[in-house]
Amino acid sequence: MPELLLHAQSVCLERGYRCLLKDVNFAVQEGQLWQLVGPNGVGKTSFLRALAGLAKVGVSGTIQRPETVLYQGHLPGLKPLLSPLENLRWHPSGLGTKELDALTWALEKVDLAGCEHLPVNHLSAGQQRRVALARLWLCDAPLWLLDEPFTAIDSAGAALLGARLLAHVEAGGSVVFTSHQPNRFAEQLQAMDLSEYAV
Amino acid sequence: MPSNRPTSRDLPGDNAWEGAPSSGALAYLGSQFNRHLRASLRRPGELLNPLVFFLMVVTLFPLGLGPAPEQLSAMAPGILWVVALLANLTVSGRLFVADFEDGSLEQMLLARHSLALTAMAEVMVHWLLSGVTLALVSPLFAAMLNLPSAGIPVLMVSLLLGSLCLSLIGAIAAALTVSLRRGGLLMSLLIIPLNVPILIFGVAAVSEAANGYNASAWLALLGAFACGGLVLAPLAIGAGLRISMDT
Amino acid sequence: MAFDSFEAAWQMAGHGPYVWGAYALTFALLCYLVVSPVLQMRQIRRQIVAQWRRQGSTDLAVAESGDAKPAAANSPEASNAP
Amino acid sequence: MWSVIHKMGSPPWFYRFAGVFLRWCLPLALAGLLVGALWGLFIAPPDFRQGNSYRIIFIHVPAAVVALAGYYLMAFAGLVSLVWKIKMADTAMRAVAPVGGALTFIALATGAIWGKPTWGAWWVWDARVTSMLILLFLYLGVIALFEAYENKAVAARACAVLALVGTVNIPIIYKSVDWWYSLHQPASIKFTGESAIDSSMLYPLLLNIGAFYLTFACVVVLNMRAALMNIHRQSAWLTQELTHP
């Protein structure tokens with residue numbers, strides 16, 4: 001049985017005193033690609049934040065997760081006044097390498113070759129998301145939790161991101177993401193429908 | 001270069017950069033300190049905010065209390081310290097809001113290293129840029145209020161230590177209110193009661209020195225408060241940030 | 001008895017208004033502190049019982065008798081609140 | 001011990017416990033207040049220096065003592081909710097804050113009223129009164145922080161942290177205010193140092209302190225019960241409890 005990267009047992013999610021999800025069981029093994037599906041407002045983002053360990057108050061039940069997790073929410077997590085290079089070099093999650101050529105290589109991968117030294121607020125929203133996603137090429141965290149990674153990204157970027165996710169999954173990592181766009185990884189993808197657990 | 005069909009095989013070099021170690025705790029603290037310092041220095045105008053606020057409010061007192069030098073010099077320690085406290089109050093409220101808005105706070109929570117570490121880095125940067133600059137410029141304000149020259153060195157030292165305590169307590173309140181939209185009045189309601197001892201020690205130190213007595217006892221108290229704060233405050237700041245991010 | 005007459009007790013050698021004022025303020029506030037949660041509870045209770053009755057749990061007809069005696073917790077303070 | 005804490009944590013159990021507790025303690029507390037007031041107002045002899053105005057001590061000191069104890073109780077409830085994540089502790093903390101704030105206000109108001117005949121000024125910057133004022137700000141801080149959050153479960157955690165930070169600082173605040181007071185007014189009017197209080201005044205004072213503690217406990221339990229009823233409005237055990245007591 002391949003090693004479990006993420007194991008959530010009988011998790012109940014509450015917002016204030018209202019229960020959103022009840023008794024959710026979710027196990028992610030190595031080399032799996034999961035998509036959280038369900039209608040808007042069922043609690044996909046809250047569940048993903050609970051998996052990452054960001055939400056603790058309204059969450060009961062046990063969640064075992066690896067020591068380091070790469071989480072990418074809606075916000076890029078970049079300082080607008082710093083350049084992409086500086087942002088990646090001193091990224092607050094502490095993940096990933098610090099060598100300069102690694103950073104430039106990653107920025108090239110996401111098609112930001114020319115603007116390593118521009119302050120991030122000079123870049124477009126789509127470019128800012130690519131800087132955030134450049135971390136995927138730099139970091140060795142086994143488990144990735146991505147919230148709507150495919151929004152505000154053009155088709156080329158989406159293809160690039162899809163390829164990177166597949167490579168990570170084949171290399172033994174695993175990814176859990178939420179997305180509204182039709183899924184593009186037909187064969188490898190496993191869907192987790194949260195509406196079954198909705199209250 | 002990237003083909004449009006995402007077959008994973010033929011995309012060259014799609015795996016992560018070989019050998020991507022994460023950093024150790026101290027390197028992480030250094031990187032966060034660097035990050036906040038660079039981000040703050042990119043907008044130098046903001047460094048003047050506490051100083052300009054201090055200057056403006058100090059000029060109000062002679063207008064209010066009359067220009068008589070001996071009256072002003074009697075009240076100078078109190079005025080200087082109260083205004084320093086208010087200047088710190090206006091600045092420390094916004095401490096974590098920038099990180100909250102651009103998403104860095106979320107990433108900080110997920111770091112392998114303890115949140116207290118990152119919070120310390122941020123508070124140190126904030127102290128360096130607001131507290132230390134205030135302490136360095138304070139002789140100018142002391143001269144404006146005709147503070148006896150014997151009190152000026154102690155004023156600088158007490159402001160140096162005191163602003164560290166003020167920043168630590170301000171950071172605790174900032175951490176607890178970072179996710180709230182209308183935190184303004186709430187910040188002062190949370191911070192001012194906790195800052196009272198620092199104000200008392202600081203004013204006592206400066207007025208003792210101004211009258212020629214030895215102020216080392218009060219400075220020692222400020223130092224003790226700073227040391228205690230350095231140890232305990234990061235725990236509260238870390239807990240506060242984690243709770244604020246939970247809504 | 002520290003005072004020989006009610007008149008003296010009211011005057012308290014000139015300090016009467018202060019002493020009586022302080023006591024009146026204190027007991028008014030304490031009274032409010034005790035009474036406000038009781039009223040809140042009574043209101044919630046009325047709503048819940050009404051809602052429960054609307055659901056028409058007909059089989060529990062015996063509940064009518066249980067309802068006559070007001071819930072024990074509320075009766076004491078209603079009677080001797082100062 | 002652990003089973004008690006755990007049982008305390010379950011709302012139905014606490015609801016019933018509160019019913020029993022209130023049935024016995026609330027009348028006792030109100031009676032204690034009544035007797036204490038009568039004893040302090042009429043039976044205790046007048047003070048040879050201050051005359052009758054000192055009778056305010058019988059409500060000023062108990063209110064101050066219980067208000068301070070209330071803050072520590074709130075911080076302890078916060079600690080329990082932070083460490084053991086017991087929801088009941090959140091409700092307890094939320095119930096104590098307004099009561100403690102009200103008692104602090106009572107202590108301040110009666111202190112001011114007492115100051116007028118004795119020192120001729122409505123507000124005397126005495127060490128004890130100043131510390132009490134700061135305690136009121138600490139209470140207001142906790143209450144304001146709680147109201148500022150929409151998600152009340154998270155608000156309780158934030159208030160727990162604030163209450164704990166406040167508790168660490170209270171001794172420092174009290175000490176620094178005492179030093180500040182002695183620095184500026186070397187003990188000319190010693191408001192705080194009660195001279196050896198005569199037994200005829202001590203007993204009513206102790207009775208009043210006890211009555212205030214009991215009233216405080218009853219009001220907190222009342223508030224908690226009201227909060228529980230509000231939160232568990234839809235739950236079956238509450239409907240059961242209310243329709244078949």
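Per-structure values
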| item | result |
| --- | --- |
| Qualifying residue in segment D:30-47 (condition: part of a helix (DSSP H, G or I), among the aromatic types (Phe, Trp, Tyr) and farther than 28 Å from D:HIS232 by Cβ) | yes |
| Residues satisfying the stated conditions in segment B:180-205, i.e. closer than 23 Å to D:THR167 by Cα and of a type in the set (Val, Ile, Thr) | B:ILE191, B:ILE192, B:VAL196, B:ILE198, B:ILE200 |
| Sole residue being more than 13 Å from chain B (Cβ to nearest Cβ) and either farther than 24 Å from D:LEU214 by Cα or under 15 Å from the mean Cα position of the chain (by Cα) (or both), chosen from D:TRP114, D:TRP125 | D:TRP114 |
| Residue check, D:ILE113 within 29 Å of C:SER5 (Cβ to Cβ), of a type in the set (A, V, I, L, M) and in contact with a helix residue (DSSP H, G or I) (Cβ under 6 Å, 6 or more places away or on another chain) | yes |
| Residues being within 22 Å of the chain's Cα centre (by Cα) and among the charged types (D, E, K, R) - total across segment D:1-47 | 1 |
| Sole residue being under 19 Å from the mean Cα position of the chain (by Cα), surrounded by fewer than 21 Cβ atoms within 10 Å (Cβ to Cβ) and basic (Lys, Arg), chosen from B:ARG112, B:ARG94 | B:ARG94 |
| Set A:GLU148, A:GLU187: member being of a type in the set (Asp, Glu) and within 13 Å of the chain's Cα centre (by Cα) | A:GLU148 |
| Residues satisfying the stated conditions in segment D:111-150, i.e. within 19 Å of D:PRO98 (Cα to Cα) and assigned to a loop (DSSP other than H, G, I, E, B) | D:TYR149, D:GLU150 |
| Residue identified as within 7 Å of chain D (Cβ to nearest Cβ) and not in a loop (DSSP other than H, G, I, E, B) among B:ILE243, B:ILE191, B:ILE198 | B:ILE243 |
| Within segment D:200-245, considering residues that are surrounded by fewer than 21 Cβ atoms within 10 Å (Cβ to Cβ) and of a type in the set (D, E, K, R), the one farthest from D:GLY36 (Cα to Cα) | D:ARG233 |
| Criterion violated by A:HIS180 - all others in (1) assigned to a loop (DSSP other than H, G, I, E, B); (2) facing chain B (nearest Cβ under 8 Å) satisfied | (2) |
| Some residue of segment B:220-230 being more than 15 Å from D:LEU164 (Cα to Cα), at the interface with another protein chain (Cβ under 10 Å from one of its Cβ atoms), surrounded by fewer than 20 Cβ atoms within 10 Å (Cβ to Cβ) and over 17 Å from the mean Cα position of the chain (by Cα) | yes |
| Residue match in segment D:64-86 (condition: in contact (Cβ under 8 Å) with a residue 24 or more places away in the chain and more than 26 Å from D:TYR174 (Cβ to Cβ)) | yes |
| Enumerated strands (runs of 3 or more DSSP E) restricted to segment A:1-107, each holding at least 2 residues that are more than 13 Å from every other protein chain (Cβ to nearest Cβ) and at pLDDT 85 or above | A:4-15, A:18-29, A:33-37, A:59-64 |
| Residue in segment C:37-48 that is touching a Leu at 6+ places or on another chain (Cβ under 6 Å), at pLDDT 70 or above, part of a helix (DSSP H, G or I) and among the β-branched types (Val, Ile, Thr) present | yes |
| Residue check for B:ARG112: among the charged types (D, E, K, R), over 30 Å from A:VAL69 (Cα atoms) and not in a helix (DSSP H, G or I) | no |
| Unique residue being in contact (Cβ under 8 Å) with a residue 40 or more places away in the chain, among the aliphatic types (A, V, I, L, M), in a helix (DSSP H, G or I) and crowded, with 22+ Cβ neighbours inside 10 Å when the list is B:LEU117, B:LEU159, B:LEU129 | B:LEU159 |
| Yes/no for B:SER92 being under 21 Å from B:ALA39 (Cα atoms), away from every other protein chain (no Cβ under 14 Å) and not charged (D, E, K, R) | yes |
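Residue by residue, here is whether (1) surrounded by fewer than 21 Cβ atoms within 10 Å (Cβ to Cβ); (2) touching a helix residue (DSSP H, G or I) at 6+ places or on another chain (Cβ under 8 Å); (3) within 13 Å of another protein chain (Cβ to nearest Cβ) holds:
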| position | (1), (2), (3) |
| --- | --- |
| A:GLY126 | yes, yes, no |
| A:ARG130 | no, yes, yes |
| A:ALA141 | no, no, yes |
| A:GLY157 | yes, yes, yes |
| A:HIS168 | no, yes, yes |
| A:ALA198 | yes, no, no |
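The values are calculated or read from the model by the stated rules, or taken from the named source; none is laboratory data. Fair warning: this is a prediction, and the values are worked out from it, not measured in the lab. Ideal geometry is used to build each Cβ from the backbone, glycine not excepted, and the neighbour counts take in all protein chains shown.
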